[in-house]
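> To start, I am sharing the structure in question, which I have written as structure tokens.
The values are calculated or read from the model by the stated rules, or taken from the named source; none is laboratory data. A quick note: this is a predicted structure, and the numbers were derived from the prediction, not measured. As a convention, Cβ positions derive from the backbone with ideal geometry for all residues, glycine included, and neighbour counts pool all protein chains shown.
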Amino acid sequence: MKKLGIGLLGCSVILHKAHGPAMFSLSDDYELIAMCDIDPQRLNQMADDYHPKRRYTALADMLADPEVDVILNTTPTSEHAATTIACLKAGKHVLCEKPIAITMEDADAMVEAARQSGLVLQMALQSRHNLAWKKIHELLQQNAIGTPHTITLTQYWNEPTVYDNWRTTASVSGGGILADSCVHWIDMMRWQMGEITSVCGIGIPSPDSPRPEIEDTSLTLLRFASGAIGCLRNGWRNQTLSGNAESVEINGTKGSIRAELRTPWSNSGVQEIHLITNGDDEHVFTYHSPHLRFRDQLKDFAECVRGEHPVTCTVEDGRRALKIQQAIYASFDSRRWEDVPC
């Protein structure tokens, strides 16, 4: 099996914390050819640890490298469209970080570029590769709780470092917590419960937020095409036990699923899923190493590029999540339900 020559675009925190270690654990799938960042100091600091064959400060130069087959794009959100489209036009497959873009126009351009190129453009929505979330999906597909009718999903992070970087600069990220982080849980809700058709949300800066111009706390109600309803709760300033990150409760006609999940930045701790049926029947499923979702995502991307299966999380999934996100922002202003046409 030929290794894929990979180029890393953007020397980002998530590259260093997650994607990079994942890539090095997949030595049968990838060979690190190049790294690229417009900041030479940042590039050299990270490249000194990663040891790529070549270093570039211009994307065009990396795209001209014949050994580069695929690009991992971890640039800021505002740069996703231009950089991803350039990669596709140069004949490179792309795994692009979330969210897809800031505007629907940019998202549409990425969809069209992927269609015209015939190449793989996969969105890096890593929760789809988390073993616990995959088990929840399996249980729902097996009708383990009957017909699901409600879902409540909570992100309870305490992340003070987010206020010191571009993720809380609206012109670069697209907004606050809703623009930066909610895409993961919007995608999870769609994956588990089906299409979202209308939303109503509210977002605020927490009382002690250092960035009062953006929301770092939000609550959203959702309606699904199936008739089910949901609630999504998000916060960057929630005190919680170290490593805890997400909780989910799904209720159906024959039972319930309740789960406590761990932050993907940790490679320790137990994720627990409780399947409750018939009142007293309970089955518990446990999963370790939540960080491995990044490895499994890159493995899945390599398989897609080799044509072993369809793209797991498509550019259309990224576009749909952005459309839902924008409808939630619209409801902040309108203070009413906003439809999200399919």
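> Among the numbered criteria (1) under 20 Å from Asp333 (Cβ atoms); (2) of a type in the set (A, V, I, L, M, F, W, C); (3) surrounded by fewer than 21 Cβ atoms within 10 Å (Cβ to Cβ), which single criterion is violated by Cys182?
(3)
> Then there is this: Could you count how many residues in the stretch 71-102 are closer than 20 Å to Cys11 by Cβ, β-branched (Val, Ile, Thr) and in contact (Cβ under 8 Å) with a residue 40 or more places away in the chain?
Looking only at that region, the number is 5.
> In the stretch 244-272, how many are under 12 Å from Ile145 (Cβ atoms) and surrounded by 15 or more Cβ atoms within 10 Å (Cβ to Cβ)?
Just the residues of the stretch 244-272 that are under 12 Å from Ile145 (Cβ atoms), to begin with: 249-258.
Checking the rest, the ones that are also surrounded by 15 or more Cβ atoms within 10 Å (Cβ to Cβ) come to 249-252, 255-258.
Residues in the stretch 244-272 being under 12 Å from Ile145 (Cβ atoms) and surrounded by 15 or more Cβ atoms within 10 Å (Cβ to Cβ): 8 in total.
> Can Ile214 be described as touching a residue at least 24 places away in the same chain (Cβ under 8 Å) and under 29 Å from Asp164 (Cα atoms)?
Details: touching a residue at least 24 places away in the same chain (Cβ under 8 Å): yes; under 29 Å from Asp164 (Cα atoms): yes.
Considered against the rule, which asks whether it is touching a residue at least 24 places away in the same chain (Cβ under 8 Å) and under 29 Å from Asp164 (Cα atoms), Ile214 comes out as yes.
> Could I ask something else about it? Could you tell me which of the residues Glu105, Glu31 is free of Cβ contacts under 8 Å to residues at least 12 places away in the same chain and either over 18 Å from the mean Cα position of the chain (by Cα) or crowded, with 22+ Cβ neighbours inside 10 Å (or both)?
The match here is Glu105.
> Next up: Hey, can you tell me all the residues within the stretch 113-162 that are modelled with pLDDT of 95 or more and part of a strand (DSSP E or B)?
Those that are modelled with pLDDT of 95 or more and part of a strand (DSSP E or B): Leu121, Gln122, Met123, Ala124, Pro148, His149, Thr150, Ile151, Thr152, Leu153.
> Just the residues that are within 24 Å of Thr197 (Cβ to Cβ), crowded, with 20+ Cβ neighbours inside 10 Å and among the hydrophobic types (A, V, I, L, M, F, W, C), please, taken from the stretch 230-243.
If the condition is that a residue be within 24 Å of Thr197 (Cβ to Cβ), crowded, with 20+ Cβ neighbours inside 10 Å and among the hydrophobic types (A, V, I, L, M, F, W, C), then Leu232 is the only one that fits.
> If you take the residues of the stretch 163-175 that are touching a residue at least 60 places away in the same chain (Cβ under 8 Å) and assigned to a loop (DSSP other than H, G, I, E, B), which of them is surrounded by the fewest Cβ atoms within 10 Å (Cβ to Cβ)?
Asn165
> Only one of Glu67, Glu97 is surrounded by fewer than 17 Cβ atoms within 10 Å (Cβ to Cβ), under 19 Å from Val305 (Cβ atoms) and not small (Gly, Ala, Ser); which?
Details: Glu97 fails: surrounded by fewer than 17 Cβ atoms within 10 Å (Cβ to Cβ).
Only one candidate qualifies: Glu67.
> Of the residues Leu275, Leu322, which single one is within 30 Å of Ala101 (Cβ to Cβ), surrounded by 15 or more Cβ atoms within 10 Å (Cβ to Cβ) and not basic (Lys, Arg)? Reasoning before the result, please.
Values: Leu275 fails: within 30 Å of Ala101 (Cβ to Cβ).
Result: Leu322 is the single residue among Leu275, Leu322 that is within 30 Å of Ala101 (Cβ to Cβ), surrounded by 15 or more Cβ atoms within 10 Å (Cβ to Cβ) and not basic (Lys, Arg).
> Let me ask you something else. Find all pairs meeting these conditions: Cβ atoms under 7 angstrom apart; at least six residues apart or on different chains; first residue within the stretch 192-206 and closer than 18 Å to Val248 by Cα; second residue assigned to a helix (DSSP H, G or I).
Gln192/Ile136; Gln192/His137; Gln192/Leu140; Ile196/Met189; Ile196/Arg190; Ile196/Ile324
One line per residue, one yes/no per condition, for (1) in the same structural domain as Thr263 (by TED's automatic domain parsing); (2) surrounded by fewer than 17 Cβ atoms within 10 Å (Cβ to Cβ); (3) in a helix (DSSP H, G or I):
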{"site": "His283", "(1), (2), (3)": "yes, yes, no"}
{"site": "Lys299", "(1), (2), (3)": "no, no, yes"}
{"site": "Ala302", "(1), (2), (3)": "no, no, yes"}
{"site": "Gly307", "(1), (2), (3)": "no, yes, no"}
{"site": "Ile328", "(1), (2), (3)": "yes, no, yes"}
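> In addition: Criterion first (at negative phi, in the same structural domain as Ile151 (by TED's automatic domain parsing) and under 19 Å from the mean Cα position of the chain (by Cα)) does Glu246 satisfy it?
Details: at negative phi: yes; in the same structural domain as Ile151 (by TED's automatic domain parsing): yes; under 19 Å from the mean Cα position of the chain (by Cα): yes.
Judged against the criteria, Glu246 is a match.
Residues are listed down the side, and each one gets a yes or a no for (1) on the phi < 0 side of the Ramachandran plot; (2) in contact with a strand residue (DSSP E or B) (Cβ under 6 Å, 6 or more places away or on another chain); (3) modelled with pLDDT of 95 or more:
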{"residue": "Lys17", "(1), (2), (3)": "yes, no, no"}
{"residue": "Val70", "(1), (2), (3)": "yes, yes, yes"}
{"residue": "Thr77", "(1), (2), (3)": "yes, no, yes"}
{"residue": "Leu88", "(1), (2), (3)": "yes, no, yes"}
{"residue": "Leu95", "(1), (2), (3)": "yes, yes, yes"}
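> Does Tyr163 count as farther than 25 Å from Ser78 by Cα and of a type in the set (Phe, Trp, Tyr)?
Working: farther than 25 Å from Ser78 by Cα: no; of a type in the set (Phe, Trp, Tyr): yes.
So Tyr163 does not fit the description; no.
> Taking Ser27 as the residue in question, decide whether it is among the small types (Gly, Ala, Ser) and within 28 Å of Gly307 (Cβ to Cβ).
On the way: among the small types (Gly, Ala, Ser): yes; within 28 Å of Gly307 (Cβ to Cβ): yes.
It is true that Ser27 is among the small types (Gly, Ala, Ser) and within 28 Å of Gly307 (Cβ to Cβ).
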